[in-house]
Structures are given as C-alpha cells and as structure tokens.
Amino acid sequence: MAPADAQAPAAELPLQGAPAPGWKQDADGRWHNPRADTWRSVREGNAGYSAVTGSAGDEKGVLINGNGENWRQVRNGWVAPVGGIGLLVVLAAIALFYAIRGTVRLDHGRTGLTVQRWSTLSRFVHWYTALLFIALAITGLSLLFGRALLIPVLGKPAFAAWASVAKLLHNWLGPAFGLGVLAMAVGWMKHNFFSPREDMAWLKAGGGLIGDGHPSAGRFNFGEKTWFWVVVLVGGTVIASGLVLDFPQFGQTRANMQLAHLIHVVCACGMLAFAFGHIYIGTIGSEGSLEGMTTGRVDVNWARQHHDLWYEQLVERERAEARVPPVAGRGAAV
C-alpha cells in the first residue's frame with residue numbers, strides 16, 4: 001500500500017500568468033500591455049504639455065505628434081543609410097575611373113598662350129558659392145551621420161559641442177548660399193540652355209573622358225550644363241526646404257517641417273553626389289581645367305580641345321574687332 005502522505009501526479013494545466021511582467025487582463029481574459037496602450041493613446045493627438053504654442057493651429061498643445069515617430073523611422077531607417085551608401089558608391093566609382101583613365105591630358109601640350117575664360121566677378125561668385133557649399137556639406141553630413149559615425153570617435157560631450165556649432169553654421173550659411181546660387185542662375189543661365197544636336201554628339205563621344213575623341217562644345221558642354229541645372233533646380237529645392245526649417249515662425253506645422261527635412265536631405269545628398277563628379281573633372285580629372293577658375297585664363301590648346309566652338313567664336317570676335325577702325329580718344333593715333 002502506498003504511503004498515506006504520497007501525492008498523486010499533478011494534472012497538466014494550461015499555462016497560467018502574464019505573458020510578460022506588467023501585462024494585465026481585461027474583462028474577457030485577454031492580456032494587454034498597459035505601456036503600449038498608453039503610447040498608442042498619446043500618439044492620437046491628445047492634449048497635454050507641449051512646447052508648440054502660438055499660431056500652430058491643430059498642433060498647439062498636443063502632447064506627442066505621431067508623425068514625428070514616422071519621420072524618425074524614415075530618416076534613420078531609409079534616407080540616411082541609402083544616402084550614405086549612395087555617396088560612398090559615387091566616390092568609389094570616381095576612384096575606380098581615375099585609376100583606369102587617369103588625368104585627361106592635353107593632346108598637343110601647352111602653347112603658353114592663354115585666353116580669358118572667366119571674369120573676376122564670375123570667379124568670385126563661383127568660389128563664394130563653392131566654399132559655402134563645402135561648409136554646408138560638412139556640417140550637414142555631421143548632423144545626418146554624426147550619432148552613428150562621430151560619437152564613437154569623439155565621444156558624446158565633444159560631439160554635442162560640435163553638433164551645436166554645426167547646426168548654427170548650417171542654419172546661418174544656408175541663406176547666404178542661396179544668394180550665390182541666385183547669382184549663378186542670373187549670370188550664367190543664358191549660356192546653359194541645352195542644344196540637342198551639339199549635346200547629343202558630346203554624349204555619344206563620352207564627353208572626351210571615354211576614348212580618344214574630343215567632342216565639340218560651346219562655352220559650356222553638356223556635362224557643365226547638367227551641373228548648372230542641378231545647382232539651380234536641385235540646389236534651389238535644398239535652399240527652399242532649408243528656409244522652411246530655418247524660419248518655423250511663419251505657421252509651418254511640424255508635419256510640414258518633417259516633410260521639408262526629408263526633401264532637404266534627399267536633394268542635398270543627390271546634389272553632393274553630382275558635386276563629387278564636378279570637383280573631380282575640374283581638378284585631377286582634366287589637365288588645365290582648374291586654372292580657368294583660379295586665374296581666369298586657360299591655355300589655347302585647352303580651349304581648342306574642350307570648347308572648340310567657343311574658342312572659334314573668340315577668334316572670330318577678335319578678327320572682327322581688329323577690322324574696326326579705332327575711335328578717336330580710345331587709343332587712336334592723332
């Protein structure tokens with residue numbers, strides 16, 4: 001006979017208890033997480049403490065704006081990673097192309113004779129805008145990728161200090177950059193309208209970078225025209241969206257500013273990718289190109305090789321001026 005105090009085997013019972021600490025059961029016996037319920041509730045736009053005041057419309061006094069969480073996920077989960085990878089791919093492609101092609105040299109060397117390509121005013125506008133663009137790129141990339149890339153290197157206190165400076169610089173330099181883009185648009189637009197026949201021939205010949213041919217081009221070739229319109233149109237979008245972020249006191253909602261920020265970042269990354277190509281061709285990619293924007297003058301053989309149609313116009317103009325009799329009082333012999 002079994003001992004009187006022996007226990008019978010426990011019957012198998014269904015799992016009891018909360019799925020996780022803090023969970024509660026409702027009247028129907030279903031489990032739910034009160035913390036998640038609270039988060040869903042505050043994202044519905046319920047009233048509560050908010051720093052948004054004044055004329056913010058429906059957002060005034062809203063405790064938590066649910067769109068902000070969606071914006072953060074898009075920015076950090078898609079825009080920043082795709083933008084960063086895209087920029088690295090462009091840089092790698094340029095490095096590979098340079099390793100294969102090298103610098104495009106002048107076919108017949110230098111003559112020692114030069115012609116003027118850029119006026120002092122044009123060079124000032126270019127370098128004013130270019131230097132601001134570089135400063136904005138550095139500060140903007142710091143704000144976009146700083147938490148992931150700079151905090152591990154600088155540490156949190158140093159990055160916080162730099163991020164504060166970068167944000168102020170970015171906000172103040174943006175409108176100044178807009179003035180430079182406007183000056184470029186006004187001064188150079190008449191030279192940058194596309195010419196289908198000339199530009200298609202330039203494209204078919206690889207722009208002189210691929211193969212040994214050097215396609216004809218006027219004052220600006222197809223690549224330079226494309227870069228001009230990227231600066232004016234894409235850059236204009238970057239500037240406009242940046243102004244929306246710079247001056248929030250004009251009644252923008254947070255949702256509009258979040259959208260403006262995404263447009264700003266996407267267009268800025270695209271413009272920066274084009275800028276890498278422009279900088280490459282204007283420096284180590286093509287012999288003699290940088291001299292035009294530093295001294296204002298280029299070698300005659302450079303002009304013939306890269307912009308022969310423009311050079312022929314210069315020659316014809318000089319010949320026409322040489323045939324005009326001098327005017328008294330302007331260097332004429334008396």
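The values are calculated or read from the model by the stated rules, or taken from the named source; none is laboratory data. Because the structure is predicted, anything quoted here is derived from the model rather than measured. Every residue, glycine among them, receives a Cβ derived from its backbone with ideal geometry; neighbour counts consider all protein chains shown. Ligands, DNA and RNA are stripped out before the accessible areas are found, and what is left, the full protein with its side chains, is counted by its heavy atoms. Shrake-Rupley method; radii C 1.70, N 1.55, O 1.52, S 1.80 Å.
Does Ala158 fit the bill of being at pLDDT below 95 and aliphatic (A, V, I, L, M)?
The answer is no for Ala158.
Checking Ser164 against (1) surrounded by fewer than 17 Cβ atoms within 10 Å (Cβ to Cβ); (2) over 24 Å from the mean Cα position of the chain (by Cα); (3) among the hydroxyl-bearing types (Ser, Thr, Tyr): exactly one of these is not met. Which one?
Here Ser164 clears every test but (2).
Please name all residue pairs, on different chains or six or more residues apart, with Cβ atoms under 8 Å, provided the first residue is in the range 116-142 and is farther than 24 Å from Phe159 by Cβ and among the aromatic types (Phe, Trp, Tyr) and the second residue is modelled with pLDDT of 95 or more and outside any helix (DSSP H, G or I).
Listed by first residue and then by second, the contacts come to Trp118/Gly296.
With respect to Leu169, is the statement that it is at pLDDT 95 or above and surrounded by 12 or more Cβ atoms within 10 Å (Cβ to Cβ) true? It would help to see each step written out before you state the result.
Details: at pLDDT 95 or above: yes; surrounded by 12 or more Cβ atoms within 10 Å (Cβ to Cβ): yes.
Judged against the criteria, Leu169 is a match.
Got a number for residues in the range 232-272 being part of a helix (DSSP H, G or I), farther than 15 Å from Leu182 by Cα and β-branched (Val, Ile, Thr)?
Going through the range 232-272 one residue at a time, the tally reaches 4.
In the set Leu132, Leu136, Leu106, Leu141, which member is buried (at least 16 other Cβ atoms within 10 Å of the Cβ) and part of a loop (DSSP other than H, G, I, E, B)?
One residue alone meets the criteria, Leu106.
Evaluate the range 174-186: report whether one residue or more is more than 26 Å from Ala303 (Cα to Cα), in a helix (DSSP H, G or I) and open to solvent by 60 Å² or more (accessible area, probe 1.4 Å).
Yes, the range 174-186 has at least one match.
Of everything in the range 233-243 that's crowded, with 18+ Cβ neighbours inside 10 Å and among the hydrophobic types (A, V, I, L, M, F, W, C), which residue is nearest to Gly187 (Cα to Cα)?
Step by step, filter the range 233-243, then rank; the result is Ile239.
Would you point out which residue out of Asn70, Asn46, Asn33 is within 27 Å of Leu262 (Cβ to Cβ) and either basic (Lys, Arg) or modelled with pLDDT of 65 or more (or both)?
Values: Asn46 fails: either basic (Lys, Arg) or modelled with pLDDT of 65 or more (or both); Asn33 fails: within 27 Å of Leu262 (Cβ to Cβ).
Answer to the check: Asn70.
Taking the range 171-187 as the search range and keeping residues that are over 13 Å from Leu131 (Cα atoms) and touching a residue at least 12 places away in the same chain (Cβ under 8 Å), which one is farthest from the chain's Cα centre (by Cα)?
In this case the residue turns out to be Gly187.
From the list Arg197, Arg254, pick out the single residue that is out of contact with any Cys (no Cβ under 8 Å at 6 or more places or on another chain) and touching a residue at least 24 places away in the same chain (Cβ under 8 Å). It would help to see each step written out before you state the result.
Details: Arg197 fails: touching a residue at least 24 places away in the same chain (Cβ under 8 Å).
Of Arg197, Arg254, the one residue that is out of contact with any Cys (no Cβ under 8 Å at 6 or more places or on another chain) and touching a residue at least 24 places away in the same chain (Cβ under 8 Å) is Arg254.
Can you tell me which residues in the range 204-231 are of a type in the set (D, E, K, R) and either closer than 17 Å to Ser122 by Cα or not in a helix (DSSP H, G or I) (or both)? It would help to see each step written out before you state the result.
Initial filter on the range 204-231 (of a type in the set (D, E, K, R)): 204, 212, 219, 224-225.
Matches in the range 204-231: Asp212, Arg219, Glu224, Lys225.
If I go through the range 199-218 residue by residue, how many of them are open to solvent by 60 Å² or more (accessible area, probe 1.4 Å) and more than 17 Å from Gly285 (Cα to Cα)?
Number of matching residues: 3.
Tell me, please, whether a residue that is farther than 14 Å from Phe177 by Cα, out of contact with any helix residue (DSSP H, G or I) (no Cβ under 7 Å at 6 or more places or on another chain) and modelled with pLDDT of 95 or more can be found in the range 213-224.
Checked the range 213-224: at least one residue is farther than 14 Å from Phe177 by Cα, out of contact with any helix residue (DSSP H, G or I) (no Cβ under 7 Å at 6 or more places or on another chain) and modelled with pLDDT of 95 or more.
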